[in-house]
Structure formats: structure tokens, C-alpha cells
Amino acid sequence: MHNRSAFAGRGPRKTRNRVGGGNPTTGGNPNRRPRADRTSAPELSVLDTIPISPVPAVDTFDELGLSSRLSAELAKAGITKPFPIQAVTLPDALAGRDVLGRAQTGSGKTLAFGLALLSRLDGGKARPKHPRAIVLVPTRELAMQVSDALTPLARALGLWCRTVVGGLSFTKQADQLRRGVDLLIATPGRLSDHVRQGTCVLDEVAFTALDEADQMADMGFMPQVRAILDLTPDGQRMLFSATLDNDVQQLVTRYLRDPVTHSVQPATASVTTMDHHVLLVSKEDKPAVVAEMAARDGRTILFLRTKHHVDRLTAKLRSLGVRAGALHGGKTQGARNRVLDDFREGSLPVLVATDVAARGIHVDGVSLVVHVDPPADSKAYLHRAGRTARAGESGTVVTVVTHQERRTVFRMTEQAGVRPTSTKVSPGADDLVRITGARIPNGEPIVEQEQVKRPPRNRNAGGGGYRGQGRNKRFTPRRGRSEA
Ligand code: AMP
């Protein structure tokens with residue numbers, strides 16, 4: 001985690017198109033009103049007790065005020081009835097209000113802010129390098145996912161929707177920005193690079209959405225996020241997050257103006273459609289129990305703490321005949337995309353991942369999430385768990401717990417508002433099969449395809465992207481964890 005002030009006190013300061021620094025009340029942007037003018041947002045204690053918003057009884061997007069062109073385009077994708085988060089936020093968002101929304105991933109947040117942004121952008125045209133709206137997301141995967149959801153809709157309105165994320169060609173992104181982008185989906189690190197290089201100018205951004213704001217805060221992106229927001233003029237801002245905790249409060253207070261707040265879920269996970277289990281195992285039995293769970297029928301995600309553990313377990317499972325793929329921040333973007341695509345499309349039923357995959361990623365039909373290593377805290381528990389039971393489906397969440405880990409895990413699940421059923425299991429046990437569908441792996445190793453090797457890490461070059469050379473390099477911030 002890096003939490004240092006993004007750009008403060010480093011090198012000479014320019015007044016325009018510089019990320020960070022400047023007047024602490026106006027964020028260095030002459031267009032921004034001083035902070036004191038803004039109506040403060042509710043305090044955290046209030047945020048955390050936002051009552052669940054009553055969902056208006058609407059059956060169509062038209063009733064919420066969405067243009068018929070957009071609803072027709074949605075209908076093509078089989079989306080006709082608004083999800084609750086969309087029904088509660090869209091009328092306010094379409095009316096231009098700032099929106100603070102709490103909804104878990106999988107609840108339809110992307111369209112909640114995406115439809116509002118596109119409607120507000122409809123009819124306008126972007127100038128070169130000057131995006132008119134930005135969506136900030138914590139991870140590249142989420143950026144791609146948001147882009148997949150919004151690009152066809154943007155196209156239907158004749159709007160340009162583009163993505164800037166680390167790991168992909170900086171030059172190509174700069175080229176796209178130069179041709180004019182209405183809606184820019186970005187991770188904070190790469191967007192900061194473009195701003196610093198002058199390939200993206202933020203002073204015409206009229207609409208901003210922050211997705212998974214708590215994750216951005218957790219990953220150390222706050223300085224960059226603040227610096228980016230400081231460069232955008234006062235416009236409409238929407239902030240969505242599955243959890244609204246301390247870190248997010250700063251953003252809310254500083255950047256949202258008299259926001260309407262909506263929550264469509266309690267602070268805990270969607271426990272109603274999720275079964276939570278703690279499987280008590282001995283240290284010796286753990287590897288076999290994990291392998292049997294991975295060999296089950298059905299889409300499964302196994303979470304571990306470190307990249308190294310992920311790689312090791314993936315290799316082990318593949319050697320036992322389990323089609324498992326590894327996802328973590330040490331993989332090239334191409335490898336990450338391939339694994340996710342294969343997992344989505346079904347040829348790879350088991351994803352072994354670090355927490356980089358825990359947030360924002362939507363894959364239908366994940367029926368089992370396994371915490372192979374206990375999550376770091378209750379928030380991480382909920383986010384990992386949120387990969388199952390999405391969009392109304394049901395799912396099982398299992399935490400594999402050895403004797404030493406018991407206390408910590410029980411404290412954590414309690415904090416998460418979850419009451420898991422505890423069962424002692426060993427390899428082949430009936431209970432293990434009943435709870436997870438575990439099977440003995442067939443033992444036939446999966447033939448390894450050629451692995452794409454990541455080039456040696458070098459903070460100053462490579463990776464398909466810009467690494468701070470050129471002008472203003474003194475302001476290069478370090479990327480957050482997911483960008484690594
Ligand atoms: P999100 O929470 O934005 O990741 O959305 C989760 C999933 O729900 C995505 O696959 C969306 O395509 C789908 N979805 C979002 N809104 C609707 C809707 N109103 N009707 C049906 N599916 C939806």
C-alpha cells in the first residue's frame with residue numbers, strides 16, 4: 001500500500017494540467033469553487049447507516065426517464081427491467097444530482113452510473129484530448145468490464161467511449177484521446193500519466209463516476225484520485241462503492257455536492273443468497289481438501305494471499321488434472337485477460353487468484369468461493385465472497401481454517417456480519433462433498449501451454465506503457481497494487 005501524498009512538494013508546479021498540488025481548497029483548479037462552498041456530505045456514521053432505499057415499482061427504463069434509444073439498445077442485450085440500484089439512482093442522476101450509491105458488485109452499478117453518464121453526454125462532442133466524462137475504477141479488469149458494458153451503448157448514441165489502463169500501449173491511448181473521447185474509463189495511475197504528459201486534459205470533464213471507491217482507497221490510489229478530481233471542474237459526480245468506510249469519507253466530503261444517497265443493501269454481503277461455511281481442517285489435510293474442492297463440477301474461485309501461493313497452487317492443481325488458471329497482478333495484462341476470458345467462457349472452471357480479482361469482476365455462475373488463505377480482514381472477506389451469488393444467484397462461500405487460524409477467522413466473519421456453519425472435514429469426507437461438491441481429482445496432468453513470460457520488472461521502462469519519461473517526470477506517482 002502506498003499512501004503518500006501523490007505529487008505534493010515535488011518539483012516545479014504548473015497551474016494547468018498538472019495532477020496534484022495547488023490551492024488546498026480549490027485543488028489548484030481555477031474553475032473549482034473553494035471547498036467551503038460545498039455542502040458537506042453526511043458523516044461516516046450516517047453513511048454507514050443509510051437506510052435501504054425503497055425501490056420504486058418500475059418495469060422499464062423509459063419510466064425512469066431514459067431515452068428510448070438507450071432503452072432500445074439495452075433491450076438488445078436482454079436488459080429491460082431496471083435493477084434496484086438503477087431504479088433508485090437513475091432519476092436523480094439523470095436530473096444532474098451528485099449521487100452516492102452503496103450497492104454490491106453484481107447489483108448493476110455499472111449501468112446505474114453508465115446510463116446516467118451517457119444520457120448526460122448525449123448530443124455533445126468531445127474536443128481532442130478533452131474527455132467530457134470519466135469513470136475511475138481501481139483495476140484494469142474492472143475497466144475492461146465497464147468498457148464492455150458501456151461501449152455498445154455509447155456507440156448507439158454516436159459517442160466515443162475509450163479506456164486508459166496500465167499495461168496497454170500508452171501511445172495508442174494517447175492517439176485515441178487526441179481524436180476525442182466523450183467517456184473515458186480509466187485507472188488512476190495511467191490517467192495520471194496521460195495528464196502529466198499532456199495527452200489528456202481534464203478541464204472539460206463535466207461528469208465523473210468513481211466505481212469501487214473503497215477499493216481505490218485501499219489500494220493507495222487516493223492521492224491520485226484526489227489529484228485527478230482536483231483538475232476537473234465542478235460538474236456532476238457519482239460515487240459508488242460496495243462499502244463506505246473511513247477512506248471513502250474524505251472523497252465524499254470533498255468532492256460530492258449535496259449528494260443523494262442510496263443504498264440497496266445492508267453493509268454486509270448478500271447473505272440471503274450466500275451460504276457461508278468454515279471448514280476446519282488439519283494442516284496436513286489442507287492441500288488434499290483444497291484439491292478436492294477445486295476438482296468439483298462448477299465454476300469456482302480460490303483465493304490466496306500471495307502471487308507465489310497462487311502460482312504454486314495452480315501448478316499443483318493442473319498436475320492433478322484440475323483445469324485451473326492463475327490470476328494475479330504479476331501476470332501480463334494479456335495473460336490476465338486470457339485467464340478471465342477462459343474462466344468466463346467456461347473452458348477454465350477454476351480461477352486461483354489473489355485479491356486483485358476480488359473486486360468488481362463479474363463472472364456469471366460462480367457457485368463456490370474458497371478462501372484458501374484467510375482474507376486480510378472482514379472487508380476482504382465480503383469482497384471475495386461477492387464473486388458468488390451475483391445478480392440474484394445463490395452461492396457458497398467456504399473458508400478453509402486450520403486450528404491456528406480459528407480465532408482470527410471467527411472474529412473476521414463476525415465483523416463481516418456473517419454466521420458461517422463450522423464443519424470439521426478431511427479429504428473424501430461426506431460433509432466436504434455435501435457442502436462443496438468436492439471430488440477426487442482425476443490425476444491426469446493438464447498439458448501446459450506455452451506461458452507468456454512477463455518481462456523483468458523495471459519501473460522505468462517497458463510493460464507496454466508509459467513509465468514516467470518525458471516532461472514532468474518528477475511528478476510520477478507510484479501505481480497502486482492492482483496496477484503492478
Ligand atoms: P454490475 O453490478 O454492473 O457488474 O452488473 C452485474 C451484471 O448484471 C452484469 O452482467 C450486467 O449486464 C447485468 N445487469 C445489470 N443491470 C441489469 C438489468 N437491469 N437487467 C438484467 N441484467 C442486468
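Coordinate-derived values only; no laboratory data. The structure presented is a predicted model; accordingly, all values stated were derived computationally and were not measured. Backbone-built Cβ (ideal geometry, glycine too); neighbour counts: all protein chains shown.
For the pair Asp62 and Asp431, how long in nm is the line joining their label points, each one 7 Å along Cα→Cβ?
5.6
From the phi of every residue in segment 127-132, what ³J(HN,Hα) in whole Hz does the Karplus formula 6.51 cos²θ - 1.76 cosθ + 1.60 yield, where θ is phi - 60° and glycine or proline is x?
Result, ordered by residue: 7, x, 6, 10, x, 9 Hz.
Once both labels are modelled 7 Å past Cα along the beta-carbon direction, what's the Asp341-Asp234 spacing in nm?
Distance between label points: 4.6 nm.
At Asp377 and Ala95, where each label point lies 7 Å from the Cα along Cα→Cβ, what is the point-to-point distance in nanometres?
The answer from the label model is 3.6 nm.
Could you tell me the extents of segment 38-263's C-alpha atoms along the three principal axes, largest first, rounded to whole Å?
46, 40, 29 Å, listed from the longest principal axis down.
Could you run the Karplus curve 6.51 cos²θ - 1.76 cosθ + 1.60 with θ = phi - 60° over segment 333-346 and give me ³J(HN,Hα) per residue in whole Hz, x for Gly and Pro?
4, x, 5, 5, 5, 4, 4, 5, 4, 5, 5, 4, 7, x
What residues have an amide H closer than 5 Å to that of Thr163, excluding those fewer than 5 places away on the same chain, when H is modeled at 1.01 Å from N in the peptide plane?
Ile185
Quick one: if the Förster radius is 56 Å, what FRET efficiency do Lys283 and Gln250 give, using the C-beta to C-beta distance and rounding to 0.05? Walk me through the numbers on the way to the answer.
Numbers: r = 42 Å, r/R0 = 0.74.
My answer for the efficiency is 0.85.
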